[in-house]
1. Between helix 26-39 and the chain, what is the angle of the helix's C-alpha long axis to the longest principal axis, kept within 0 to 90° and rounded to the nearest 10?
2. On the full set of protein chains, 1.4 Å probe, figure out the accessible area of residue 21 and give it in Å² to the nearest 10.
3. Could you sort the peptides 115-121, 149-155 by per-residue average Cβ neighbour count (10 Å cutoff), highest mean leading?
4. For the chain, set up a GNM with springs between Cα atoms under 10 Å and report which of 46, 159, 312 has the largest fluctuation.
5. Can you classify segment 47-157 as rounded, prolate or oblate using the Cα gyration tensor, where a ≥ b ≥ c are the square roots of its eigenvalues, rounded means a/c under 1.5, and otherwise it's prolate if a/b beats b/c and oblate if not?
6. Using Cα pairs closer than 8 Å and at least 6 residues apart in sequence, work out the relative contact order for the chain, in percent.
7. Principal axis extents for segment 318-409, Cα atoms only, whole Å, descending order, please.
8. Determine, at each q value in 0.13, 0.21, 0.28 (inverse angstroms), the log₁₀ of I(q)/I(0) that the Debye formula gives when each Cα of segment 332-374 is one equal point scatterer.
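The values are calculated or read from the model by the stated rules, or taken from the named source; none is laboratory data. Since the structure is predicted, the reported quantities are computational estimates derived from the model, not experimental observations. Positions of Cβ are generated from backbone atoms using ideal geometry, with glycine treated the same way; all protein chains shown enter the neighbour counts. The area values use the complete protein model at the heavy-atom level, side chains included, leaving out ligands, DNA and RNA. Shrake-Rupley method; radii C 1.70, N 1.55, O 1.52, S 1.80 Å.
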Amino acid sequence: MQLFNDPGKSIGPQFFSVAQHGIDGITEELTVLRGIADNLEPSGPTFMAHQLTLLRQYLEDIAPLLRERNQNVTVLLATQGSPTDKDGKQSPETLAQFIAMLKSLESLPVWIVFRLCTDDERAFSFYNAIDSQINLPYDVLDDFFGESLEVYLHNPWLTYALPLHRFREMGFRNAALDVIDERALNTSEIRDLCNLLFSTDNELPDPCTDWQGFFNIISMLQEKEKKQWNPVKKVHSFWIDLESLNKLYSGGSMDDSGSSRRRRSSSAPKAKPENPQPSGPQKSETSEENQEKASEYNETQDPGELKRAILTEWALEPPQFRVLKPIETLLATVHATFHLVEYHDYFNKWEPFSDDALSSGGKAVLKRGVRKMKFFLHPDKLPKDLSVEQNILCRMLWDVMTDAEAREQ
């Protein structure tokens with residue numbers, strides 16, 4: 001293990017390890033590690049390009065042995081922000097240097113986990129977006145509670161307990177865990193996750209062709225498990241809320257491609273389409289349907305008509321259209337407004353939240369949902385090539401959500 005910056009002799013060494021040289025010194029090594037963890041405060045520059053250079057040199061030395069053994073190295077980078085230079089300053093050149101160093105790792109057997117120790121949505125946006133520039137498997141994680149909110153917004157039937165978070169922090173790779181905080185899992189991914197949770201020797205029924213059989217088996221398996229702490233609901237609960245799972249999936253028809261536009265895990269594979277039996281929660285509209293609807297508005301569009309459509313179709317309660325809809329309703333249906341303007345790829349990056357999550361998750365879940373939506377709509381985040389109408393839509397959505405948020409406080 002290595003700290004980005006030297007903590008000083010009063011705290012401990014910059015480089016340290018546990019059990020690297022055998023088990024005899026583990027007790028002493030753990031004492032050193034705990035002392036550093038208890039006394040160290042994040043400070044100094046985030047000069048990751050330099051550390052990645054050292055990492056690359058190390059990986060190049062051991063790569064032949066790793067490939068011979070069919071092994072990979074997991075690198076956990078815990079950081080409080082975006083990369084800086086050695087003086088703690090950010091610049092386009094610094095970020096470009098960081099990306100270049102990541103690209104230099106592409107041919108090596110490595111899996112990167114960025115563990116962000118910050119609430120700054122800009123840092124998450126930076127690390128989530130670099131997958132378009134590199135061909136390197138990696139994941140981006142919030143802290144335990146923050147990540148549990150992300151998971152709950154899309155998969156409220158799951159208790160995202162600490163063991164799952166630790167698995168992901170330590171680089172455990174599983175297709176379902178790779179996308180669990182990005183979108184609703186499809187039924188194939190749910191079966192994979194249940195195989196991980198319950199470690200059954202027998203193959204679980206295919207939920208796409210035999211939902212009831214699959215549901216009955218996991219109901220029995222779950223009874224044998226201890227309850228886990230649910231950080232969202234703040235109670236001990238089973239891994240799976242069976243009632244919520246059955247409600248969401250027993251009659252759903254989600255496109256089973258598993259495609260996620262907002263990629264927090266660059267290695268998340270796309271699941272193959274299965275037969276049209278129940279596969280996931282119902283989605284209001286597909287991107288193709290949004291594109292078809294948007295074509296109706298491509299020719300001429302009066303800004304006043306667009307604003308009225310946003311208010312009557314999404315923001316205001318019918319039939320009087322004088323009062324804003326509940327904030328959870330607005331969050332759950334915001335994607336239904338995208339067809340009101342000409343289609344743009346940016347709108348496909350928004351992954352709808354689960355209705356159940358927004359209605360049952362409490363204030364923390366709603367607050368996280370609002371934060372994610374406002375960041376998505378922030379003027380500094382929007383593409384520069386949006387049309388006048390697309391910009392009007394985004395500003396209207398921002399204003400309505402701001403008013404709804406103020407009403408809740």
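1. 50 degrees
2. 150 Å²
3. So the peptides 115-121, 149-155, ranked by packing, come out 149-155, 115-121.
4. 312
5. On the way: a/c = 2.20, a/b = 1.23, b/c = 1.78.
Oblate, because a/c is 1.5 or more while a/b does not exceed b/c.
6. About 13 percent, as a whole number.
7. 37, 29, 20
8. Results for segment 332-374 at q = 0.13, 0.21, 0.28 Å⁻¹ read -0.32, -0.72, -1.03.
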